[in-house]
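Novice: Handing you a structure now.
The values are calculated or read from the model by the stated rules, or taken from the named source; none is laboratory data. Since the model is a prediction, treat every value here as computed from it, not as a measurement. Cβ atoms come from the backbone with ideal geometry, glycine included; neighbour counts cover every protein chain shown.
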Ligand code: GLU
């Protein structure tokens, strides 16, 4: 069993593409077959080396390593040429000299008659001599009788009468191969047995069947993956809802979703969570919701991929990311976040954070040289309360044990003696130490920061509040 992922480097790795790559990889692992990568860069005007690099990097990040060196279509021109000559010689392809003007006119006439526009095969059996000075394309002579049949692993049997298919261009006037042609030549050359790709390629697959069989290929197994939908947004980026107040879904695109995987990576998502989420975009592991590549490579079954469209749900992805984040050892989290913090601080930050980026924010106030913004402190430390805060700071400095419990006890005692509510001292403490109004247990944070940092930060905050309050 050999399968391939064949992205076009006209952009980074798209979420939909990443799911296709994952299913190809998982299917290959499960069947103990091979997973190949092919860069479909024949469209010179839209393909870019930086996109190719980005795709390969994203695949590496996900851990989806191909089993062989990637193939580049731009380096395989001679193979397409040889295959085209073979088809021409054997009568499976013919030269078509129709001009763009003629084809446009044909199209307009067909539309005016209410017919489906398509090439009328005018050069297929023509014995006219080649018009002088005119360039030509090569078209594939699709059989006129019979039908094209795909026994799709996911969708079941798909059959279309050959009469419904046209004669696709296989080589352009400039000699370059079209997608449908290059794809078949390469699948054959690489002995691909299983073709897994998006449902939007179904009509291409039907066309490719005939080209493949004319080239003498054995039939491949096909699996067309369901579309991915995302919540529709209007021009201002607002979610669209229908009359009943339900979210409207539309095909996932750049417009309604951050489709490039590199963006998610930068935002601090973990590859394990991405794998887990992409796996669930069309396939269900009956045993567990949170799992990784290993389980996927053991249990994935192409035949159990859902037929209906999948819905992209960023909240669920976020939730899964949090689950994976929390399952990592503290040292690993600290390495990923690039912040040195005590294990207990990391554990605490993980209660709040969903992503590495959020974790960095949560951990930022643990660093000794953290710049704590003091605007929130100014709000929670009005002048009449500053003496009480200073007194509390003094009590903290005198504590023997700087445990969270001891700090809490002192905080409660100070509130009682000053006739303040708990939060009237807790909020100044929280904002002085972290610059933020929402954090996990502030007594725990204080104890993790240690007595001297807490003293320093309280003093700094009080001083800045006093200076800020003075008239210029
Ligand atoms: N280059 C095509 C794409 O990116 C490949 C489709 C395929 O044959 O798998 O959609």
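Residues checked against (1) more than 10 Å from the ligand (Cβ to nearest atom); (2) more than 21 Å from residue 179 (Cβ to Cβ); (3) in contact with a helix residue (DSSP H, G or I) (Cβ under 7 Å, 6 or more places away or on another chain):
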{"residue": "1", "(1), (2), (3)": "yes, yes, yes"}
{"residue": "7", "(1), (2), (3)": "no, no, yes"}
{"residue": "24", "(1), (2), (3)": "no, no, no"}
{"residue": "33", "(1), (2), (3)": "yes, yes, no"}
{"residue": "51", "(1), (2), (3)": "yes, no, no"}
{"residue": "57", "(1), (2), (3)": "yes, yes, no"}
{"residue": "65", "(1), (2), (3)": "yes, yes, no"}
{"residue": "71", "(1), (2), (3)": "yes, no, yes"}
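Novice: Taking the condition modelled with pLDDT under 95, assigned to a helix (DSSP H, G or I) and touching a helix residue (DSSP H, G or I) at 6+ places or on another chain (Cβ under 7 Å), does residue 359 pass? If you could, list the steps in order and put the result at the bottom.
Specialist: Values: modelled with pLDDT under 95: yes; assigned to a helix (DSSP H, G or I): yes; touching a helix residue (DSSP H, G or I) at 6+ places or on another chain (Cβ under 7 Å): yes.
Yes.
Novice: Please find, among 278, 325, 320, the residue that is assigned to a helix (DSSP H, G or I), in contact (Cβ under 8 Å) with a residue 24 or more places away in the chain and farther than 30 Å from residue 365 by Cα.
Specialist: Every option except 278 fails the conditions.
Novice: Could you check residue 173 against (1) buried (at least 17 other Cβ atoms within 10 Å of the Cβ); (2) over 24 Å from residue 23 (Cβ atoms) and say which number it fails?
Specialist: Just one mismatch for residue 173, condition (1).
Novice: How about segment 123-133: which of its residues are within 16 Å of residue 99 (Cβ to Cβ) and modelled with pLDDT of 95 or more?
Specialist: 123 - this is the single residue of segment 123-133 that is within 16 Å of residue 99 (Cβ to Cβ) and modelled with pLDDT of 95 or more.
Novice: Residue 359 passes all but one of (1) under 28 Å from residue 251 (Cβ atoms); (2) surrounded by 20 or more Cβ atoms within 10 Å (Cβ to Cβ); which number fails?
Specialist: Evaluating residue 359 over (1) under 28 Å from residue 251 (Cβ atoms); (2) surrounded by 20 or more Cβ atoms within 10 Å (Cβ to Cβ) leaves (1) as the failure.
Novice: For residue 415, all conditions in the list (1) in contact with a helix residue (DSSP H, G or I) (Cβ under 8 Å, 6 or more places away or on another chain); (2) closer than 30 Å to residue 359 by Cβ hold save one; what is the number of the exception?
Specialist: Residue 415 satisfies every listed condition except (2).
Novice: Which helices (runs of 4 or more DSSP H) sit wholly inside segment 99-218 and have at least 2 residues that are more than 14 Å from the ligand (Cβ to nearest atom) and either out of contact with any strand residue (DSSP E or B) (no Cβ under 6 Å at 6 or more places or on another chain) or in contact (Cβ under 8 Å) with a residue 40 or more places away in the chain (or both)? First the steps, then the outcome.
Specialist: Details: elements: 100-112, 179-189, 202-214.
Of the helices (runs of 4 or more DSSP H) lying wholly inside segment 99-218, those with at least 2 residues that are more than 14 Å from the ligand (Cβ to nearest atom) and either out of contact with any strand residue (DSSP E or B) (no Cβ under 6 Å at 6 or more places or on another chain) or in contact (Cβ under 8 Å) with a residue 40 or more places away in the chain (or both) span 100-112, 202-214.
Novice: For segment 247-263, give me each residue that is touching a residue at least 24 places away in the same chain (Cβ under 8 Å) and either surrounded by 18 or more Cβ atoms within 10 Å (Cβ to Cβ) or over 16 Å from the mean Cα position of the chain (by Cα) (or both).
Specialist: Once the filter is applied, which keeps residues that are touching a residue at least 24 places away in the same chain (Cβ under 8 Å) and either surrounded by 18 or more Cβ atoms within 10 Å (Cβ to Cβ) or over 16 Å from the mean Cα position of the chain (by Cα) (or both), segment 247-263 yields 249, 252, 256, 257, 259, 260, 261.
Novice: Looking at 463, 391, 453, can you tell me which residue is in contact (Cβ under 8 Å) with a residue 12 or more places away in the chain, in a helix (DSSP H, G or I) and surrounded by fewer than 16 Cβ atoms within 10 Å (Cβ to Cβ)?
Specialist: Residue meeting the stated conditions: 391.
Novice: Next up: Being over 24 Å from residue 317 (Cα atoms), away from the ligand (no atom under 11 Å from the Cβ) and either at pLDDT 95 or above or crowded, with 18+ Cβ neighbours inside 10 Å (or both) is the filter here; which residues of segment 221-246 pass it?
Specialist: 221
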